[in-house]
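Below: one structure, written as structure tokens.
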Amino acid sequence: MARLIAAASASVDGFIAGPGGDMSWLTPYLTAEPNPLIDDLVTRTGAVLSGARSHFGDDPHRGDPEHEGLYAGTWQGPEVVLTHRRPSGTVRGDVTYLDDLDAAVDLARRSAGAGDVSVVGGQLTGTLLRAGLLDELVVQWVPVVLGGGTRLVAAGSTVRLELLATHATTARYRPA
């Protein structure tokens, strides 16, 4: 069965987006330097499970056709979005909108084939952690303090993590 692996870049004070979902704070820190933890995650990703705010929200690469999209435009494939609001009109790419967590997780796992499911979104990550469904959490810590915005994981519970691997400012964990 495909593993659910959440991944995010986060400020050192634990925010993945600034106030109003702003992602422009991340742009100066985006580099093309190899990162084996992120590169491995992208290579193993067979499908993406996104929260609504992440899917419909800001992209730090917006307007850059070479890098806009998931994982700086390096990944293409099926995406399942957990949301109660479906867009009107034509949907781009292989995107499915569902409003039921179990159905979304099931479809994302099936869509991943032999790969893993990359989870995108703080609220969704927290929900999966509390439900005991998240297998790993990959965090790329960015040397900036935002002071507010969207947290890596919303308040509500404490989850202990076991460190699996590190590379520079990136760490890979498993819920303990």
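Here are a few things to note about the model shown:
- The residue of the range 1-50 that is surrounded by the fewest Cβ atoms within 10 Å (Cβ to Cβ), among those that are among the polar types (S, T, N, Q) and over 15 Å from the mean Cα position of the chain (by Cα), is Thr31.
- Of all residue pairs spaced 6 or more apart or on separate chains, those with beta-carbon atoms under 7 Å, a first member in the range 13-29 that is under 14 Å from Arg151 (Cα atoms) and a second member that is assigned to a helix (DSSP H, G or I) are Ile16/Gly122; Gly18/Trp25; Gly21/Arg53.
- Residue in the range 115-125 that is out of contact with any helix residue (DSSP H, G or I) (no Cβ under 8 Å at 6 or more places or on another chain), surrounded by fewer than 20 Cβ atoms within 10 Å (Cβ to Cβ) and either among the aliphatic types (A, V, I, L, M) or modelled with pLDDT under 95 (or both) present: no
- Among the strands (runs of 3 or more DSSP E) confined to the range 1-103, the ones with at least 3 residues that are closer than 21 Å to Thr170 by Cβ and at pLDDT below 90 are located at 4-11.
- The residue of the range 160-176 that is nearest to Gly20 (Cα to Cα), among those that are aliphatic (A, V, I, L, M) and surrounded by 15 or more Cβ atoms within 10 Å (Cβ to Cβ), is Ala171.
The values are calculated or read from the model by the stated rules, or taken from the named source; none is laboratory data. Quick caveat: nothing in here was measured; it's all calculated off a predicted structure. Neighbour counts are summed over all protein chains in view; Cβ atoms, including those assigned to glycine, are modelled from backbone coordinates with ideal geometry.
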